[in-house]
Ligand SMILES: Cc1cc2nc3c(=O)[nH]c(=O)nc-3n(C[C@H](O)[C@H](O)[C@H](O)COP(=O)(O)O)c2cc1C
Ligand code: SF4
């Protein structure tokens with residue numbers, strides 16, 4: 001069931017040794033890119049139908065083309081390696097195990113969009129990835145793969161690492177840009193988008209670790225070959241972070257279109273002690289919670305559009321039927337309350353009230369009015385918050401209101417009969 005494009009050499013390849021990557025034809029796609037016109041590279045990426053792997057699933061070639069069209073010659077690319085959402089750990093896995101694949105992807109993107117400076121923004125708590133990426137950059141420089149006049153091509157590209165202080169919202173592209181600029185991590189109103197006015201006011205391409213890591217394969221094998229993997233609208237493979245009550249938690253690479261149940265049962269090994277699955281949260285804390293009977297759904301970007309929720313970064317969090325749904329929801333809400341940057345009212349105040357309402361359900365103290373308030377609050381937050389944090393903070397509640405509505409009424413009507421915390 002696994003299909004390894006990005007993880008083909010994991011485990012086994014020494015991430016601290018560039019030679020190990022060169023030995024498996026590493027950087028050959030970048031050399032190929034040098035012999036290709038930048039617009040043709042973007043054309044091949046368009047054929048691949050690659051969509052961003054950081055959560056929003058935006059087509060990569062559109063952003064690249066927008067960069068390529070800019071008159072401004074100072075341009076930046078940024079790799080978003082913030083990965084602050086609970087349940088996600090696949091970017092860390094890629095950086096820890098194949099850092100040069102990411103660097104090669106960034107080099108290809110920089111060459112295609114004519115950006116001469118790049119940043120990798122890594123979550124501050126990621127000590128090991130930060131160390132590994134620093135060493136990879138050092139070795140790439142020593143091999144003439146970064147710096148000025150790379151391989152005699154006349155193309156200059158330099159790369160720096162920046163790390164955040166652990167704030168989840170700094171993964172949001174404009175908050176991330178503000179953070180690199182030395183300001184506090186808060187989003188900006190869009191448009192303009194980063195490819196028009198980004199880092200230091202210049203056009204900036206921001207993509208996720210997994211997104212960039214796909215580019216060497218696409219350049220090597222061709223966009224059409226990539227598009228033949230997965231489904232019509234979600235091409236290629238997806239790295240999924242499987243956690244919670246499974247025998248074998250970990251990162252797995254599967255083609256889009258694989259049923260969620262197969263990933264849990266076959267790769268995750270099913271639940272421990274064969275416990276019954278109660279709920280599964282997809283994409284991480286910001287994603288929908290679905291019941292067991294929906295697990296035959298396939299991994300696909302456009303699955304949960306009613307909550308504006310994509311496959312997200314690809315987390316699958318398995319919870320057995322002994323878990324108290326309200327305990328889970330309260331923890332998620334506490335996370336968002338803590339991480340809200342406070343810039344806009346629906347998110348700043350909404351998350352506080354959501355936590356309070358969920359606590360009433362948790363304490364078996366809720367009424368039907370609380371349920372109505374929770375529902376309308378969730379919709380207001382979703383529709384009016386300024387950035388994706390506040391917009392997606394109520395997704396877990398909205399999805400449980402849809403798929404587990406009876407559990408809310410049960411808790412109101414039978415306060416003593418709640419599940420176990
Ligand atoms: C609150 C919040 C946190 C985010 N965190 C991340 C993150 O850690 N990594 C990431 O790649 N994208 C994250 N995103 C999405 C980015 O804003 C952006 O869409 C992404 O970096 C674009 O890359 P992609 O097109 O390759 O997915 C986050 C968005 C929001 C609203
Ligand atoms: S939605 Fe939340 S995190 Fe985003 S700007 Fe508003 S307060 Fe800040």
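Computed from the coordinates by the stated procedures, all read-outs in this text should not be read as laboratory data. Source: prediction; values computed, not measured. Positions of Cβ are backbone-derived with ideal geometry, glycine not excepted, and every protein chain shown enters the neighbour counts.
Values computed for the structure shown
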{"item": "Over the chain: helical MRE at 222 nm, DSSP H runs n ≥ 4 each giving -39500 (n - 2.57), nearest 500", "result": "-12000 deg cm²/dmol"}
{"item": "Spatial separation of Cα centroids for region 201-228 and region 1-60, in angstrom", "result": "6"}
{"item": "Helix 325-339 axis, angle to the chain major axis (alpha carbon atoms, nearest 10°)", "result": "50"}
{"item": "Nearest 10 degrees, 0 to 90: helix 345-362 Cα axis against the chain principal axis", "result": "40"}
{"item": "Whether region 196-249 is rounded, prolate or oblate, judged on the alpha carbon gyration tensor where a/c under 1.5 counts as rounded", "result": "oblate"}
{"item": "Cβ-Cβ FRET estimate between residue 356 and residue 35, R0 fixed at 56 Å, reported to 0.05", "result": "0.40"}
{"item": "Per-selection Kirkwood Rh - region 325-417 (Cα, Å, 1 d.p.)", "result": "12.9"}
{"item": "Protection-proxy order for peptides 233-241, 33-41, each taking the mean of Cβ atoms within 10 Å per residue, highest first", "result": "233-241, 33-41"}
{"item": "Rg ratio (alpha-carbon, reference 2.2 N^0.38 Å) - region 237-320", "result": "0.96"}
{"item": "Cα centroid separation - region 86-117 against region 122-174, whole Å", "result": "9"}
{"item": "By average C-beta atoms within 10 angstrom, highest first, the peptides 175-186, 156-167, 389-400", "result": "389-400, 175-186, 156-167"}
{"item": "Degrees, to the nearest 10: 99-113 long Cα axis against longest axis of the chain", "result": "70"}
{"item": "Debye intensity ratio I(q)/I(0), log10, the chain, q values 0.11, 0.12, 0.15 Å⁻¹ (C-alpha model)", "result": "-0.81, -0.96, -1.41"}
{"item": "Length added when fully stretched, residue 2-residue 403, from 0.36 nm per residue minus Cα-Cα", "result": "141.4 nm"}
{"item": "Region 231-245 versus region 355-413: alpha-carbon centroid distance in Å", "result": "28"}
{"item": "Value in Å of the Kirkwood radius, where region 128-237 supplies the Cα pairs that are averaged", "result": "16.6"}
{"item": "Cα pair count fraction exceeding 15 Å, expressed as % - region 30-115", "result": "63"}
{"item": "Region 18-227 - Rg (one decimal) and Dmax (whole number), Cα, Å", "result": "15.7, 46"}
